[in-house]
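*Asks:* First the structure, then my questions, so here it is.
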Amino acid sequence: MRHFFLIILGIIGLALISGCVTEQEEGIAISLKNLSTDKALYHSSENVNLTAMIYSKSDLENVTIIATGINGRLNEKKILDLKTGINEISFSYNLPKCNVCGGISAGDYSMNCDVIYKNITAEKSITINIQQ
């Protein structure tokens, strides 16, 4: 009887341990800590460099990072692996030579970044100013 009781305790303990592993896999955390450009004011033909600082609680594979903005002109997607900690991801967009000719008027424009992994999404937006 005592031997049977120890076997049952061992099975229950094993079930509890495997449950903890599942919870750790489900405990995925991603956050978009910062979204920035190399400057706030841009002119025709300049290159806009967008940098996303993404925090991951663990190593993750096949994370989708999407940069959009400037009235649909910027639309880039990267699928990358993230390491535990802060990951720096950069996007680059070259503004048209003539803003009006390129369909962009002088003014403020939104730039967005979405980080997507399975059912988790982190997002952040910033505003830049474009002049002739």
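*Asks:* Of the trypsin sites (Lys or Arg not before Pro) in the stretch 29-78, which ones lie in a loop per DSSP and count no more than 11 other C-beta atoms within 10 Å?
*Replies:* Working: sites: LYS33, LYS39, LYS57, ARG73, LYS77, LYS78; in loops: LYS39, LYS57, ARG73.
Sites meeting the loop and neighbour criteria: LYS39.
*Asks:* Spelling out what I want: for every residue of the stretch 94-108, take phi, set θ = phi - 60°, compute 6.51 cos²θ - 1.76 cosθ + 1.60 (Karplus), and round to whole Hz; glycine and proline get x.
*Replies:* Those phi angles translate into 9, 5, x, 4, 10, 4, 5, 4, x, x, 10, 8, 4, x, 8 Hz.
*Asks:* Cα centroid distance between the stretch 35-49 and the stretch 74-97, in Å?
*Replies:* Cα centres, the stretch 35-49 to the stretch 74-97: 14 Å.
*Asks:* On a 22 Å Cα-Cα criterion, which of the cross-link pairs LYS39/LYS118; LYS33/LYS97; LYS77/LYS124; LYS78/LYS124 come out too long?
*Replies:* Cα-Cα > 22 Å for LYS39/LYS118; LYS33/LYS97; rest within.
*Asks:* Give the value in nm², to one decimal: projected area of the alpha carbon convex hull of the stretch 27-130, averaged over all directions.
*Replies:* Values: hull surface 24.1 nm².
Averaged projected hull area, Cα only: 6.0 nm².
*Asks:* Read phi for every residue in the stretch 33-50 and hand back ³J(HN,Hα) as whole Hz from Karplus 6.51 cos²θ - 1.76 cosθ + 1.60, θ = phi - 60°, with x for Gly and Pro.
*Replies:* For the stretch 33-50, the Karplus-derived couplings read 5, 7, 10, 8, 10, 6, 7, 9, 10, 10, 10, 3, 6, 7, 9, 9, 9, 9 Hz, x marking Gly and Pro.
Just so you know, all these numbers are worked out from the coordinates, no wet-lab data involved. Please read all numbers here as calculations on a predicted model, not as lab measurements. Here Cβ is always computed from backbone atoms with ideal geometry, including for glycine, and neighbour counts include all displayed protein chains.
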